[in-house]
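Below is one structure, written out as structure tokens; the observations come after it.
Read-outs: derived from the displayed coordinates by stated rules, not from any lab. Predicted model, so just to flag it, every value in this text is computed and none were measured. We place every Cβ from the backbone using ideal geometry, glycine too, and count neighbours over all the protein chains shown.
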């Protein structure tokens, strides 16, 4: 009888331990799956501080692919626009972040990169390092093969190693470094930006 009781207790303990271990894993898997299956458009609710000025981000997700349109301006009303950057490709959600609770490591593949110059002010063009990119005001230029300013060619930097998290506020990406270089896993952010909101 004692052996049977001990065996039952051992089984119960094992079941409880297994349940405790499996619960977080299931929750993590669900969070990863939700991010990997995003669908729709998420956009900045208002202009945000970016690169010495202001900017808006507009992300689209569908069937495991993503896209970004980023517009930069010198003023918070976004009336003095300088450039637009556009990219798209597949994306992959990895492990839960060890440094940011609730976030996951993500890799956003940039299969194409486009820049549109939105100003004719040459001083601004030079200040952003775009003078040698062959850009024309109002014309979208494919920089995938050549790169431009801080954007490296796709052959050199196709992967953007980021963070991604969903909250009640919306979708959060990681805080980008000043040089905008997140081409390697060690360059992944360690903090989150304010949310972009589902449209």
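Within the listed set 152, 113, 136, the residue fluctuating most in the Gaussian network model of the chain (springs between alpha-carbon atoms under 10 angstrom) is 136.
The helix-based estimate of mean residue ellipticity at 222 nm for the chain, built from -39,500 (n - 2.57) per DSSP H run of four or more residues and divided by its residue count, is -7000 deg cm²/dmol to the nearest 500.
Stretching residue 142 away from residue 28 to a fully extended chain increases their span by 37.2 nm, per 0.36 nm per residue minus the current alpha-carbon distance. With axes computed from alpha carbons, what is the tilt in degrees of helix 2-36 against the longest principal axis of the chain, rounded to the nearest 10 within 0 to 90? It works out to around 10 degrees. For segment 146-190, calculate the relative contact order in percent as a whole number, restricting contacts to Cα pairs under 8 Å that are 6 or more residues apart. Worked out over segment 146-190, it gives 37 percent.
Once the C-beta distance of residue 39 and residue 109 is scaled by a Förster radius of 25 Å, the resulting FRET efficiency is 0.90 to the nearest 0.05.
The mean sequence distance of close C-alpha pairs (under 8 Å, at least 6 residues apart), as a share of the length of segment 18-100, puts its relative contact order at 24 percent. A straight line joining the Cα centroids of segment 112-136 and segment 54-110 runs 20 Å. Using the Cβ-Cβ distance between residue 131 and residue 178 with R0 = 35 Å, the FRET efficiency computed as 1/(1 + (r/R0)^6) comes to roughly 0.95.
The relative contact order of the chain comes to 16 percent, based on Cα pairs under 8 Å that sit 6 or more residues apart.
Once the Cβ-Cβ distance of residue 101 and residue 169 is raised to the sixth power relative to R0 = 22 Å, the FRET efficiency obtained is 0.90. With the cut-off at under 12 Å, measuring from each backbone N in segment 150-170 to a point 7 Å along the Cα-to-Cβ line of residue 48 picks out 163-165, 170. Packing order of peptides 97-103, 145-151, highest average first: 145-151, 97-103 (average count of other Cβ atoms within 10 Å over each peptide's residues). Among 180-188, 51-59, the peptide with the highest mean count of other Cβ atoms within 10 Å heads the list, and the full ranking is 51-59, 180-188.
Stretching the chain fully between residue 79 and residue 198 yields a gain of 40.4 nm (0.36 nm per residue, less the alpha carbon separation). Scoring 157-164, 75-82 by mean Cβ neighbours within 10 Å over their residues and listing the highest first yields 157-164, 75-82.
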